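Visitor: Dumping the structure here so I can ask a few things about it.
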Amino acid sequence: MVKMFLESLKNLTSKPETKGYPYTPSPEPKGYKGTILYDEDLCIFCDKCEEVCPPGAILFEIVDVENNKREYSYNPYLCIYCHACVDACPKADEGCLVQSETRLPPLGRDSKVPKDKRLGYFVNRIEEAKDFDKKWDEFEERARESREKLAEHKKRMKLKKQQEAKAKKEAEAKAKQEAEAKAKQEAEANPQ
Amino acid sequence: MGNKITVVFGSQHIAIPEPVSFVFQTENEIITDVAVDVGYVHRGIEQAAVTKFKFNNVQYLLARVCGFCSITHASAYIHGVEKLLGVETNKKIDYLRTLVVELDRIHSHMLANGHVAEVCGYENLFMQTIKYREISTEILEIITGNRIQYDYYTIGGVSRDLTLENEKMIRTRLKELREHVLKLMEFFETDYTLGLKTKGVGVVTYEMAKKYNTAGPIARASGLKTDARAEFDFLPYEELGYKMQIRTEGDVWARNMVRFDEVLNSIDICLNVLDGLGEGDIQVKVKGRPKGETFIRVEAPRGECFYYVKGNGTKVMERVRVRVPTYANVPVLKELFVGSKYSDAQAIVLSFDPCLSCTAR
Amino acid sequence: MINPDLIMKEVTLESVKDEIKAWYDENIHHYVTVNAVDNGDSITIDWIFSEYEVKNKLYVFRAEAVPYDAEIPSMVDVIPSAWLSEWDLADMFDLNIENAVRGMFLEPEAPKAPLRKETYNGK
């Protein structure tokens, strides 16, 4: 008891252990698992990060079905900062997908949505913070639909290709037949 | 004889911020009967693990079963899946995993002990314990990048390596922590008023511990030699200097002291890990999908954690069963109250360090 | 089987209680839990035990192809701490376990038997 009392007296005179947050900033330690940043120029659109993301915070929307053009979108408020996407990214070493050491400010009712090109398309298109969740739900639906559309398009293209191939084959066969018939005719015409 | 009163402990109680509720029937101050309710914090994690998540994502879900033993849940699942996939990890991965698991144990044990001191009315000591606990969480933050949800385990490896600079820092910090823990142990051991509240209170005898199949520090404080770290070899504990910590008193105080003993042992293990950490990859190649079934027992800070993992060769698991340590300790806790004083109930509950969000999952 | 030192014993629901009673010694064996797995048309129930101070040892008493509505015996007479895990199974799989109290884990309004395959996969 006496020892604890002495320790308490010591604590009374020593500097406080806690930081004066929010008056002094609380710095993130080195290697902190923060926001995921993306670089479109390096991306090869392999979709591995989307596939591996546990909460589904990374989504690719297919904006141009014909050319298979994709847009990366990221929801930093759904992200659990688990680092799985960066592990999965084949271009992570070059800086396509990196986990930065800073965190985004929390999203309040009246606060501004953070804007950064490297956060993906979705965040940059949202204006009002209070719409964020609703818009993300809509976006999820849209991304899913776009995926279905792409699948449909691919199927159609495949069918078309098959048909073309078939038509080509038929045409070839027909041409061959005709050629043969012609040769026959010619042979009949010139019995020699 | 005397007044019969029903006292409700929880589910909103200042001592324990979890939804457990005990309804005590008391006669004067002595508890004569008790009913337990673990509360409705069931989140359907077992179902989500077999429906919504692919097998290589389930560890992130299971890590969120509990804040304190998050690494244990992830580790148990990953050890199981690695067995099913036939993955052999190298020494470096095993060592790094052990380091994080033991640091997790240190911070959980320190909090549990501080919490007991707090409910005994000794908030001063609580603050002191939490102050020193901060060292372990800081180390964890530097190794894994997060304070609570580490997400350090990946299938076939760990998510990041230890730099030389960090290693040096961790070594000095751990040695510092050991000094502090020894000091705290002295306070717990010699303090007269804390002794009144903890010594001889809530005694789990050796026979009781065996009869009710208790686990973790609660069993070891009663002299029951059970520890999944000694019984299972998922991590190389033996070569890292693990020693089972046993006390025989079985009271609240002994449970605290077992936790402190284990903290000291864990610090030794961590230092041995840093000494023996060699070179090597931190990720081995993993192929295929899990098929078959396996049983895993790992030691969480609160006791042994049991997992049953079954895969069927598809992307989604067939069954993931989680049995958390608190689950093993609730039956004996219920028996323990009968005959003890109501004023001791808080200290008894907190000395068990219950985690109800784990229990209900 | 992946666990090397696992001893698996096939039992039936009628005999399991007697077998465990005859075998179980609280000085040696540690009751871990009772587990159930849904096979789609029936349930497999495992009673899992370990041994103190022995490495990697697990004992499993397995009852296979248990129908959903079968009466499952309670082990509380033999192992006094078994009630919590039994009540859990009764809630999660909607099983008919002797003396099990419902509603410990699930709210009254919650969906019944959340871990049965027919609940989450649809019938």
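Read the figures in this text as sums done on the coordinates, not as results from a lab. Remember, predicted model here, so these are calculated numbers, not experimental data. Cβ atoms come from the backbone with ideal geometry, glycine included; neighbour counts cover every protein chain shown.
Visitor: When Cβ neighbours within 10 Å are restricted to other protein chains, what is their mean count per residue of peptide C:79-88? Can you show the working numbers first?
Guide: Working: counts 4, 7, 12, 3, 3, 11, 4, 0, 1, 8.
If you average over the peptide's residues, the count of other-chain Cβ atoms is 5.
Visitor: I've got another one for you. Let a ≥ b ≥ c be the square roots of the eigenvalues of the Cα gyration tensor of chain C; is it rounded (a/c under 1.5), or, if not, prolate (a/b larger than b/c) or oblate? List each step's numbers first, then the result.
Guide: Numbers: a/c = 1.89, a/b = 1.56, b/c = 1.22.
Prolate, since a/c reaches 1.5 and a/b exceeds b/c.
Visitor: Further, regarding this structure: Would you mind giving the mean number of other chain beta-carbons within 10 Å of the Cβ of each residue in C:27-37, as a whole number? Intermediate results must be reported in sequence, preceding the final value.
Guide: Details: counts 2, 1, 2, 11, 3, 10, 9, 2, 8, 3, 6.
Across the residues of C:27-37, the mean count of other-chain Cβ atoms within 10 Å is 5.
Visitor: Which residues in the stretch B:250-282 place their backbone N less than 13 Å from a point set 7 Å from the Cα of B:GLU165 along the Cα-to-Cβ direction?
Guide: Of the residues in the stretch B:250-282, none has backbone N under 13 Å from the label point off B:GLU165.
Visitor: Using the count of nearby Cβ atoms within 10 Å as a rough guide to exposure, how do B:ILE16, B:ILE106, B:ILE170 rank from fewest to most? Walk me through the numbers on the way to the answer.
Guide: Values: B:ILE16 19, B:ILE106 29, B:ILE170 23.
In increasing order of surrounding Cβ atoms, one gets B:ILE16, B:ILE170, B:ILE106.
Visitor: Would you calculate, for chain C, the mean residue ellipticity at 222 nm contributed by helices, counting each DSSP H stretch of 4 or more residues as -39,500 (n - 2.57) and dividing by all residues, to the nearest 500?
Guide: On the way: 3 runs with 24 residues, N = 123.
Dividing the helical sum by the residues of chain C leaves -5000 deg cm²/dmol.
Visitor: Now a separate question. With the Cα gyration tensor of the stretch B:69-171 in hand, convert its eigenvalues to equivalent ellipsoid semi-axes via √(5λ) and list them largest first in whole Å. Don't skip to the answer; put the middle values down first.
Guide: Values: eigenvalues 178, 56, 15 Å².
After diagonalising the Cα gyration tensor, the semi-axes are 30, 17, 9 Å.
Visitor: Sticking with the crude label model, points 7 Å out along Cα→Cβ, report the distance from A:LYS176 to C:ASP77 in nm, one decimal please.
Guide: Simple spin-label model gives 8.3 nm for this pair.
Visitor: Just in the stretch A:1-84: which GluC sites (Glu not before Pro) are loop by DSSP and have at most 16 other Cβ atoms within 10 Å? List each step's numbers first, then the result.
Guide: Values: sites: A:GLU7, A:GLU17, A:GLU40, A:GLU50, A:GLU51, A:GLU61, A:GLU66, A:GLU71; in loops: A:GLU17, A:GLU66.
The qualifying sites are A:GLU17, A:GLU66.
Visitor: Right, next: Count of lysine pairs in the stretch A:1-125 with Cα atoms under 22 Å apart, counting only pairs 8 or more residues apart in sequence or on different chains?
Guide: 14
Visitor: So if I average 1/r over every pair of distinct C-alpha atoms in the protein assembly as shown and take the inverse, what Kirkwood radius in Å does that give?
Guide: On the way: mean 1/r = 0.0356 Å⁻¹.
Taking every pair of different Cα atoms in the protein assembly as shown, averaging 1/r and inverting gives 28.1 Å.
Visitor: Give a quick list of GluC sites (Glu not before Pro) in the stretch A:75-132 that DSSP marks as loop, anything other than H, G, I, E or B, with at most 16 other Cβ atoms within 10 Å.
Guide: Working: sites: A:GLU94, A:GLU101, A:GLU127, A:GLU128; in loops: A:GLU101, A:GLU127, A:GLU128.
Loop-located and lightly packed - A:GLU101, A:GLU127, A:GLU128.
Visitor: Rounded to the nearest whole Å³, what is the per residue volume of the convex hull around the Cα atoms of the stretch B:186-244? Walk me through the intermediate numbers first.
Guide: Numbers: hull volume 5.9 nm³, N = 59.
So the per-residue hull volume is 99 Å³.
Visitor: Could you tell me how many degrees, from 0 to 90 and to the nearest 10, lie between the Cα long axis of helix B:252-276 and the main elongation axis, the longest principal axis, of the Cα atoms of chain B?
Guide: It is inclined by approximately 20 degrees.
Visitor: Sticking with this one: Sort B:CYS69, A:CYS85 by Cβ crowding within 10 Å, fewest neighbours at the top.
Guide: Least to most surrounded, the residues fall as A:CYS85, B:CYS69.
Visitor: I would also like to ask the following. Can you pull the mean other chain C-beta count within 10 Å for peptide B:54-65?
Guide: Numbers: counts 3, 0, 5, 7, 1, 3, 8, 3, 0, 3, 2, 0.
That average works out to 3.
Visitor: How about the stretch A:41-132: which trypsin sites (Lys or Arg not before Pro) there lie in a loop by DSSP and see at most 15 other Cβ atoms within 10 Å? Intermediate results must be reported in sequence, preceding the final value.
Guide: Details: sites: A:LYS48, A:LYS69, A:ARG70, A:LYS91, A:ARG103, A:ARG109, A:LYS112, A:LYS115, A:LYS117, A:ARG118, A:ARG125, A:LYS130; in loops: A:LYS91, A:ARG103, A:ARG109, A:LYS112, A:LYS115.
Here the trypsin sites (Lys or Arg not before Pro) that fit, given the DSSP loop and packing criteria, are A:LYS91, A:ARG103, A:ARG109, A:LYS112, A:LYS115.
Visitor: Expressed as an acute angle from 0 to 90° and rounded to the nearest 10, what is the orientation of the C-alpha long axis of helix A:2-13 relative to the principal long axis of chain A?
Guide: 80
Visitor: OK, next. Considering amide H positions built from the backbone, and no H for Pro or chain starts, which residues 5 or more places from B:VAL34, or on another chain, come under 5 Å of its amide H?
Guide: Residues meeting the amide H criterion: B:GLN25.
Visitor: Rounded, prolate or oblate: which fits the stretch B:223-292 when a ≥ b ≥ c are the square roots of the eigenvalues of the alpha-carbon gyration tensor, with rounded for a/c under 1.5 and prolate only if a/b beats b/c?
Guide: Working: a/c = 3.36, a/b = 1.73, b/c = 1.94.
Taking the square roots of the gyration eigenvalues as a ≥ b ≥ c, the stretch B:223-292 is oblate.
Visitor: Cα-Cα over 19 Å: which of A:LYS149/B:LYS52; B:LYS243/C:LYS55; A:LYS161/A:LYS182? List each step's numbers first, then the result.
Guide: On the way: A:LYS149/B:LYS52 23 Å; B:LYS243/C:LYS55 15 Å; A:LYS161/A:LYS182 31 Å.
Cα-Cα > 19 Å for A:LYS149/B:LYS52; A:LYS161/A:LYS182; rest within.
Visitor: Does anyone have the angle between helix A:132-189 and the longest principal axis of chain A? Alpha-carbon axes, 0 to 90°, nearest 10?
Guide: Result, in degrees: 20.
Visitor: Oh, and also: Net charge around B:TYR95, counting only other residues with Cβ within less than 11 Å of its Cβ (Lys, Arg = +1; Asp, Glu = -1)? Could the numbers behind the result be given before it?
Guide: Values: positive: B:LYS91, B:LYS92, B:ARG97; negative: B:ASP94, B:GLU102, B:GLU239, B:ASP275.
That works out to -1.
Visitor: Under the Kirkwood approximation applied to all pairs of distinct alpha-carbon atoms, what is the hydrodynamic radius of the stretch A:27-168 in Å? Spell out each step's value before the answer.
Guide: Working: mean 1/r = 0.0601 Å⁻¹.
Here the Kirkwood hydrodynamic radius works out to 16.6 Å.
Visitor: Sticking with this structure for a sec: Decide, for the stretch B:105-251, between rounded, prolate and oblate: order the square roots of the alpha carbon gyration tensor eigenvalues as a ≥ b ≥ c, take rounded if a/c falls under 1.5, and otherwise choose prolate if a/b is larger than b/c, else oblate.
Guide: Numbers: a/c = 2.26, a/b = 1.31, b/c = 1.72.
Here the stretch B:105-251 falls in the oblate category.
Visitor: Can I ask one more? Mind putting together the pair-distance distribution for the stretch B:183-304? All Cα pairs, 5 Å bins, whole percent per bin, short to long.
Guide: Pair shares across the bins are 2, 10, 16, 18, 16, 13, 10, 7, 5, 3, 1, 0.
Visitor: Here's a follow-up. Mind checking the dipole of the protein assembly as shown: about its Cα centre, +1 per Lys or Arg Cβ, -1 per Asp or Glu Cβ, Debye to the nearest 20?
Guide: 1560
Visitor: Exposed loop GluC sites (Glu not before Pro) only (DSSP loop, at most 14 other Cβ atoms within 10 Å): please give the longest stretch of chain B free of them, not including the sites. Don't jump to the answer; show the numbers that get you there.
Guide: On the way: sites that count: B:GLU29, B:GLU88, B:GLU279.
The segment B:89-278 is the longest one with no such site.
Visitor: Just the number, please: percent antiparallel of the DSSP beta bridges in chain C, rounded to the nearest 5. Please report the intermediate quantities before stating the final value.
Guide: Numbers: 16 of 23 bridges.
Here the share of antiparallel DSSP bridges comes out near 70 percent.
Visitor: Below 13 angstrom from the Cβ of A:PRO25, what's the summed charge of the other residues (Lys, Arg +1; Asp, Glu -1)?
Guide: Working: positive: A:LYS19, A:ARG103; negative: A:GLU28.
Summing Lys/Arg as +1 and Asp/Glu as -1 gives +1.
Visitor: Give me the tail of P(r) for chain B as a percent: Cα-Cα pairs with distance above 32 Å. The partial results should precede the final answer.
Guide: On the way: 20337 of 64980 pairs.
Tail fraction, whole percent: 31.
Visitor: Based on other C-beta atoms within 10 Å, arrange B:PHE126, B:PHE295 from fewest to most. It would help to have the intermediate numbers written out before the result.
Guide: Numbers: B:PHE126 19, B:PHE295 24.
Listed from fewest to most nearby Cβ atoms, that is B:PHE126, B:PHE295.
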